[in-house]
Structures are given as structure tokens and as C-alpha cells.
Amino acid sequence: MSCRTDSTPLSPPSASPPPAAPLPAALSWLEPALEHLEAEGLRRLPRVRRGRQGREVELNGQQLLNFGSNDYLGYSGDVRLTRACSKGSCAEGFGGGASPLVSGQSVAHQTLERAIASLLSVDAALAFPSGYAANAATIPALVGEGDLIASDARNHASIIDGCRLSKARLLVYPHRDLTALEHALAAAGPAKRTLIVTDSLFSMDGTIAPLADLSEIAHRYAAMLMVDEAHATGVFGDRGSGLVEAAGCSDGVHIRVGTLSKAIGAAGGFVAGRASLTTWLSHAARAWVFSTAHPPGVAAAAARGIALVGEEPFRRQQLLHKAAEFRAMLASRSVSTTSDSATERSGQIVPVVVGEPHRAVTISAALAEAGYFVPAIRPPSVPEGGSLLRISLSWHHTEADLTSLAEAIGAML
């Protein structure tokens, strides 16, 4: 069974929702809290998307050039993944049924985990329902009370929440500041276990962690090193496995986390490394032990996406070339980004910092009027005063798309 590519996309329901009932006294605080978010420029309104992700996207009935998706390689709308999902669902049903420990692991999930391990050249991998679940469950499974975590200040919320859940002592070091990290570790005193955790490609500002240096520090302090490759998997490295591969420090990274929902084009997350690590997590990572596995068809689609990463290296190569060109276009129009190294200037996440939330929202809305979907990113996703336009580039984008967007941004700043 396969997807008909000429099928009419689903439309949102036409019926209006019933009028909202008055809030009970126990919830009376909600409306003032929402009004405060609105006043601060932090209210986020949902958008309805019709059709597939791709170069263009229809949001709330408006057709826009899509610079807001993490679909870096253009696979999320690829019919090859849809067909793989359909075939996997026909073979094993759609629902996972229960936790893999209870109802058994599907063949599709076993195939996916082997594909992840092969891509990363590690012993084994464990598939999670989401990348968020992978981080939030793995950290408390590795460290707890009496242990120590050192976490980059700009790590993703899922890492932050995993650190909090662990109840380990937490050191938050300034973004990519290795001197501060070493000083903090030296002053921390003894711990049963020590974990250093970082994103590899930071999702909001596009900066890259100094992974090779971090692996050396981890070795000196006998610390575990955990790296989240959510935005790098599929994009960096000769094989497309991520920035750990590109930095040449695979042996020094003990826990590798990633997602299947961005460049891979599917859904879910994973943790990979030594077989003993994944075996331990299958007993101790609560979001894996106590969650129903995501659908086998989704796992089959993710495995197909991983295969395409190997079959089509030109996509990541062309994407990074386009990213370098786009940064040059912005620079020629006196629009600066926050990246500060040659490697980062080729990354596919291009931030333009504008300062306050209201300004980011205003510029984002003006770009939408001009035909571009460029999200405004505001606290708590970024620090106070650091609101920005987050431009996510995709393999689908053309040189004309990039030139016109650069001209539009240059005219507004």
C-alpha cells in the first residue's frame, strides 16, 4: 500500500467551537496570566497547517515560503517515507500496543535501532517516542543524588528538565566556556559519578559545541560525556551522523542522543552508544520503560529516512553550501548573525537577533505579509533581550528564495 500523491489534503473542521464556559474560581488566575504574556509579547498563537511540509507551507490559509521548519533535508514530506510508513503499518498495525518490555518490540523498531547504530558506528541504539523523552529519561537514569552534572547554559529544555529530574548537583557553565567549565569541575569536589551534557548544534542561535575539547575535559575528570545531536544528525559528517563524527571525537563521547523528527523527516528520538548503556536504559529510563512505543509505521519511516541520508549525501552537502551563501547574502546587507566560527557559518540554522520580543513578533509578521514564514523566537527559548528571527534552511530552498529573503530582512532591519 502506498500514498496517493494526488490526494486532497485534509481540511480543518468547518464547525465553530462552542462558546467557552466561565472559568471556575480555582482557574481564575489563567486569564490574567495569559494577558501578562500578551503584554510582554510572549503569547504564542497556534497556526493550522494544511498539506505537507516543504519549500512552501500553508499556515492559517496563507501560502508562505517555509523558513520555520526543522525539515533540513526535505524528507518530512517525501512520499518515500510515507510509503515506508504505510508498508510498516500494514505489516505490524499502527499502534505500538504497550511498552516494548510488555508487549514486545516490533520488527520495525528493531530494524530502526540497528540502522541508527550503523549510522553512528556504535554498538547499539534505543528508540524513544520523542527526542524530548530521550533526554528527560536518560539523564536521571545515569546520575542521581550524590552525583554531579555540568550542563551548557543554552542546552535544550529537555536536557534542563532531565537534569532537574535527576536530583543530581547541577553546575550550569556559560555557553561554550571551557575555562569556566574546568574551574567549576575542579571546585565541585568529589562525586560518585559526573556527567557533562551539551547540545552539539544549539537549536536557537546555531552555535556549535567544542566537542573535541569537551571530550578531553571529560577524560581528565573521569566524566561521562553526553551529546544531543538533534539538529546535527543527517546534516554533518561524511556519513551524515552528526557533529561528533565531524569533530572526530566519537571515542570520547559516551552517550549520543538524537531525534528522528528533523533532518530524518519522521518522528521519535534515540540514545546510542555501548550495548551495556542501552541495556541499562531499557531498565532505568522511565520514559522508555513506561511509555507505549511509537507506531511501527513511524519507525519504518524513520529507518527509510536514515537510509536516504546514506543514499543522498548531496542533500546535506548542498544544504550547507546554501547556508554559507545565505549568510554571505545577509552580511552583504549589513545583517549580522550570532555565529562566530567558520564551521558555524555553514550551519543551516541562521539566527538574526533583534532584541525585544515585540520587535521580533513585528518583524516576523511583516515577513509573513511579504510571503515568508520566519518564526519569532522569544524567552524562555532564548535569554531576555535575545529575541531573534530563527531562519531554518532546507535543501528545498532555491537561490532565488534565499536572495529574496535576504533582501526582505535587510530592508526591515
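Computed quantities for the displayed model
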quantity	calculated
Long-range neighbours under 7 Å by Cβ, at least six apart or interchain, first residue more than 29 Å from Arg49 (Cβ to Cβ) within the range 9-25, second modelled with pLDDT of 80 or more	Leu23/Leu30; Leu23/Glu31
Residue that is assigned by TED's automatic domain parsing to the domain that holds Leu178 and either closer than 28 Å to Gly54 by Cα or small (Gly, Ala, Ser) (or both), where the choices are Asp238, Asp251	Asp238
Members of the range 275-298 found to be in a helix (DSSP H, G or I), within 19 Å of the chain's Cα centre (by Cα) and closer than 15 Å to Thr111 by Cβ, listed by number	Val298
Unmet requirement for Ala272, which otherwise passes all of (1) surrounded by fewer than 24 Cβ atoms within 10 Å (Cβ to Cβ); (2) under 18 Å from the mean Cα position of the chain (by Cα); (3) not hydroxyl-bearing (Ser, Thr, Tyr)	(1)
Residue that is surrounded by the fewest Cβ atoms within 10 Å (Cβ to Cβ), among those in the range 289-325 that are β-branched (Val, Ile, Thr) and closer than 23 Å to Gly237 by Cα	Val309
Residue count for the range 195-213, restricted to those that are more than 20 Å from Ala168 (Cα to Cα) and among the aliphatic types (A, V, I, L, M)	6
Leu27 vs. criteria of a type outside the set (Val, Ile, Thr) and assigned by TED's automatic domain parsing to the domain that holds Val361	no
Residue check for Ala98: among the small types (Gly, Ala, Ser), surrounded by fewer than 16 Cβ atoms within 10 Å (Cβ to Cβ), closer than 22 Å to Phe270 by Cα and outside the structural domain of Ala376 (by TED's automatic domain parsing)	yes
Matching option when the condition is touching a helix residue (DSSP H, G or I) at 6+ places or on another chain (Cβ under 8 Å), assigned by TED's automatic domain parsing to the domain that holds Thr111, crowded, with 23+ Cβ neighbours inside 10 Å and among the charged types (D, E, K, R), among Arg286, Arg256	Arg256
Set Leu23, Leu65: member being aliphatic (A, V, I, L, M), in contact with a Lys or Arg (Cβ under 8 Å, 6 or more places away or on another chain) and modelled with pLDDT of 85 or more	Leu65
Every pair of residues 6+ apart whose Cβ atoms lie under 8 Å, when the first sits in the range 43-56 and is on the phi > 0 side of the Ramachandran plot while the second is part of a loop (DSSP other than H, G, I, E, B) and at pLDDT below 85	Gly51/Pro9
Pairs, first basic (Lys, Arg) in the range 367-380, second assigned to a helix (DSSP H, G or I), C-beta under 7 Å, six or more apart	Arg378/Pro357; Arg378/Ala360
Of all residues in the range 25-54 being in a loop (DSSP other than H, G, I, E, B), of a type in the set (A, V, I, L, M, F, W, C) and over 30 Å from Ala266 (Cβ atoms), the one that is farthest from the chain's Cα centre (by Cα)	Trp29
Of all residues making up the range 139-162, the number that are over 19 Å from Ala222 (Cα atoms) and not small (Gly, Ala, Ser)	6
Test: Ser341 is hydroxyl-bearing (Ser, Thr, Tyr), farther than 18 Å from Ala247 by Cβ and either out of contact with any Gly (no Cβ under 9 Å at 6 or more places or on another chain) or at pLDDT 95 or above (or both)	no
Residue match in the range 388-410 (condition: surrounded by fewer than 22 Cβ atoms within 10 Å (Cβ to Cβ), out of contact with any helix residue (DSSP H, G or I) (no Cβ under 8 Å at 6 or more places or on another chain) and modelled with pLDDT under 95)	no
All helices (runs of 4 or more DSSP H) inside the range 63-173 with 3 or more residues being farther than 26 Å from Ala209 by Cα and free of Cβ contacts under 8 Å to residues at least 40 places away in the same chain	none
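The values are calculated or read from the model by the stated rules, or taken from the named source; none is laboratory data. Remember, it's a predicted structure, so these values are computed and weren't measured experimentally. Note: ideal-geometry Cβ built from the backbone for every residue, glycine included; neighbour counts use all protein chains shown.
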